[in-house]
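To keep things clear, I will list the structure first and then write my remarks on it.
The values are calculated or read from the model by the stated rules, or taken from the named source; none is laboratory data. Everything quoted here is computed from the prediction, not taken from an experiment. Cβ placement follows ideal geometry from the backbone for every residue including glycine, while neighbour counts extend to all protein chains displayed. When the accessible area is computed, the model is the full protein with side chains, heavy atoms only, and any ligands, DNA or RNA have been set aside. Shrake-Rupley method; radii C 1.70, N 1.55, O 1.52, S 1.80 Å.
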Amino acid sequence: MNDLNYLSEQLNPPQIEAVKHTEGPLLILAGAGSGKTRTLIYRIWYLIEEKRVNPWNILAVTFTNKAASEMRNRLQSLLPRTDSMNVWVSTFHSACVKILRQHISRLGMSNSFAILDGNDQLRIVKKCIKEVDDSPESLHHLAVIKEIRQSKNELNTAQEYKGLMRENYYGLRIADVFLHYERKLRENASLDFDDLLFFVWKLFKEHPDVLDYYQNRCRYILVDEYQDTNHAQSQIIYLLAEKHQNICVVGDDDQSIYRWRGADIHNILDFEKVYPQAKTIYLEQNYRSTQVILKAANQVISLNQMRKEKELWTDNEEGDKIIFFEAFNEQMESKYISQKIQSFYRGDFSHYNDFAALYRTNAQARAIEEALRNDGLSYRIVGGLKFYERKEIKDLIAYLKVVVNPDNQLNLLRIINVPHRKIGQATIAKIEAFADEQHLSLYQGIIAMFEAEELTTGSKKGLSHFIDSLHKWREFSKDHKISSLLEVMIEDTDYMEYLAKEKTEQAESRIENVKELLAGIRYFEKQNEGKTLEDYLDYVSLFTDIDEYEKGADTITLMTVHSAKGLEFPVVFMAGMEKDLFPLGRNSINISDLEEERRLFYVAMTRAQKRLFLTRAKKRNIFGSSKDTSCSPFIEEVPSQYLTRDTGKSDSQGAYEIFDYRAKRPRESTQRDLKKASFFQFPESTSEGNIQEILRAGDRVYHEKWGEGLVLYKEGQGENTKISINFGGLKKKLMIKYARLRKIG
DNA sequence: GTGCCGGACCTTTTT
DNA sequence: GGTCCGGCAC
């Protein structure tokens, strides 16, 4: 088929224009739901198929691994395999890691650097404050981190930062911590997230031959979500595109919601100034939402001053009004969400993944989770405590990192006494002092101390055993798979025993997590044959939970609005529409903060395809005590003709629709239902306790991992009750208190 | 060197 | 309501 005919079947006129404008800078302002990813994909297809551009010369940058892998998948279905494989599709951060692993030695640094995550950074900054500041308690670590990150994003070194703080006493104190922090990172050959960008920029600036290589390689550059770029990122892109000028950025200033982490909205607002030759194309047809939702969202966002004027339109149906519901407290709010989902389910929307509950802060997930669990609905929480940030996972990853690079003190310290080897503060201080004196790394210091026979008996045994094991693992890793190595390490250190001995109820789930980690590694090995332990560690360092989110599973999705960007759902619940929560602001919230919150609200609204619910709680638990709340000002910003209040009939305490399964239609709630609901509101014991009473042989239950099952019999008493369940032929005996079972039906 | 207790502080949002 | 950290007892 003729390419142009094909394109006009797939895309609308402005989208086609964006695809065909291949030479020179291009700004695509793509509103929510306007098919921007689709446009990008076809643009790459067009470059390769029509313009005969070598796929190898195309770079497509995204912000999340999820977005990158989605793009890769969609390219694969459109292009011959070899072509789609050769396009460099990557996140900013992984592209930078790839570049630095090759060339950072040109800056006099080690190519085998470690990557610190946010928690590592936090711990190190705290420590640095204590080590160099005169009154550590008056210097808040978050303030310091903010300054460090901002400085790096603005491409200033610690020295330059100190220069800028000349007259500023407080700033100078931060500068000293910053300098110390940098020294510590360099000594340990470690880079934080912001360093990844900073050093790529530095590399390009100081080594024109390296820049030239990448300029020639990346002749056609595409950047997704350009409104989220920070200064460092935009400068890297600027340098890369300088030679060929084939830079296409896609974004929506109205969806810029990462200003707080350094995203500079001016990058997109001023694109035409930075690239005077730029062409600008607007994608304003929305394919996602109903008229009502889209018009309401348009109205809300139009209140922002700092934006490019535009108005999305759609051919979609008019749709139902947006519903606003005020609940007594967050338990009732959650109950309402659960009830609404049940009344829709098997009605207009037949899958659980048609529903999403969004919120401003992760802490709100708990109440919603509890309501859904009590009602036996299948849900999943995206984000929150992340898998790779769990203690047990970080421990084992640190073991792997130490095998790769024992000189990294940060990782070594994390595991040197985990599990316990009787190596405490005193011993470590002693080694540190010795190592400093001899100008050795901590690891080399330990070895040297053995040779010098400087160690006391107490910790000697534990230390020598640890060092011997480390040698053994390093040898072992040379000709064994990552998963085998980890298995051996877990075995040698009795790590599972160590977890099991922690009598907390977390023990079981921690052990499960370790198994999941092993399974994850095996999967990685299968997917990436020939990749090394170092490759795996890079992958883990840049992995986030939203990457894991898959449409496939049929569950209700709970996540923050930030995580929801780029996704869509037929039915969206936006919970917590309260002043000080959404918009979130404590003491003072200035206009530009408010505008960012409004953009966030706009993102939330535009996730909805068919139905949108806004809910709030009149009382909410904050830090354990119940507080009265007032309504979010955003509610008033939604035009009243698109909004209808669900009063829950006459009862303002929060009546709701109940789905009557026998009649297969909703009925109104009765006093009895309300009583029942308020029982769930205050579960005396947690759901584990409740469920134990409820479950009996013959009940159907749902388990996160095993799916649906049939209860066969119970065994034992009280806390230690075990339950035998048949999961589709597979019989399992589980401890009730750990199994997290949900009753079905 | 380890483990337990109590108080402070906490919540944005994420690569 | 949860986490982290310091202090104290063993």
Query - Pairs beyond 31 Å (Cα-Cα), from A:K310/A:K610; A:K126/A:K386; A:K526/A:K610; A:K386/A:K579; A:K243/A:K481; A:K51/A:K202 - result: A:K526/A:K610; A:K243/A:K481; A:K51/A:K202
**Report entry** Accessible surface of segment A:555-612 [probe 1.4 Å, protein heavy atoms]: carbon and sulfur percent
**Finding:** 48 percent
Query raised in the report: What number comes out for the charge environment of A:R421, summing +1 per Lys or Arg and -1 per Asp or Glu over other residues with Cβ under 14 Å away?
Result: -1
Report summary line: Sorted by chain and then number, the residues having a modelled amide H within less than 5 Å of the amide H of A:L312, at least 5 places away or on another chain, are none
Requested in this report: Give the carbon-plus-sulfur fraction of the accessible surface of segment A:414-505 in %, rounded to a whole number; probe 1.4 Å, heavy atoms of protein chains only.
Outcome: 50 percent
Report summary line: Expected vector for segment A:399-413, Karplus 3J(HN,Hα) from phi with 6.51, -1.76, 1.60 and θ = phi - 60°, integer Hz, x for Gly and Pro, equals 4, 4, 5, 5, 4, 5, 9, x, 6, 6, 5, 4, 6, 4, 5
Report summary line: For segment A:147-211, the percent of accessible surface on carbon and sulfur atoms (probe 1.4 angstrom, ligands and nucleic acids excluded) is 53 percent
Query raised in the report: Taking the mean number of other Cβ atoms within 10 Å as a proxy for protection, how do you rank A:595-602, A:630-637 from highest to lowest?
Result: A:595-602, A:630-637
Report summary line: In order over segment A:340-357: 3J(HN,Hα) from phi, Karplus 6.51/-1.76/1.60, θ = phi - 60°, whole Hz, x for each Gly or Pro, gives 4, 4, 5, 6, 7, 4, 6, x, 6, 10, 9, 10, 5, 6, 7, 10, 9, 10
Requested in this report: Sorted from largest down, give the three principal axis spans of the alpha carbons of segment A:393-432, whole angstrom values.
Outcome: 25, 20, 11
Query raised in the report: In sequence order, what are the phi-derived ³J(HN,Hα) couplings for segment A:178-193 according to the Karplus relation 6.51 cos²θ - 1.76 cosθ + 1.60 with θ = phi - 60°, rounded to whole Hz, with x for glycine and proline?
Result: 4, 4, 5, 4, 4, 4, 4, 5, 5, 4, 9, 6, 10, 10, 8, 4
Report summary line: Taking placed amide H atoms and a strict 5 Å upper bound, the residues 5 or more places from A:N621 or on another chain that come that close are A:E330, A:K627
Query raised in the report: Given N residues in segment A:186-319, what is Rg(Cα) / (2.2 N^0.38 Å)?
Result: 1.30
Query - A:S469/A:F623 FRET efficiency (R0 41 Å; Cβ-Cβ; nearest 0.05) - result: 0.40
Query - Under 5 Å, built H, 5+ apart or other chain: amide partners of A:Y379 - result: A:I556
Query raised in the report: Highest mean first, what order results for A:140-153, A:229-242 on Cβ atoms within 10 Å?
Result: A:229-242, A:140-153
Query - For segment A:54-106, accessible area per residue (1.4 Å probe, heavy atoms of protein chains only), Å² - result: 43 Å²
Report summary line: So, over other residues within a Cβ distance under 9 Å of A:G118, counting Lys, Arg +1 and Asp, Glu -1, the net charge is -4
Query raised in the report: Which one of A:F344, A:G383, A:A356 is farthest out on the positive end of the charge dipole of segment A:333-396, using unit charges on Cβ (Lys, Arg +1; Asp, Glu -1) and the Cα centre as origin?
Result: A:G383
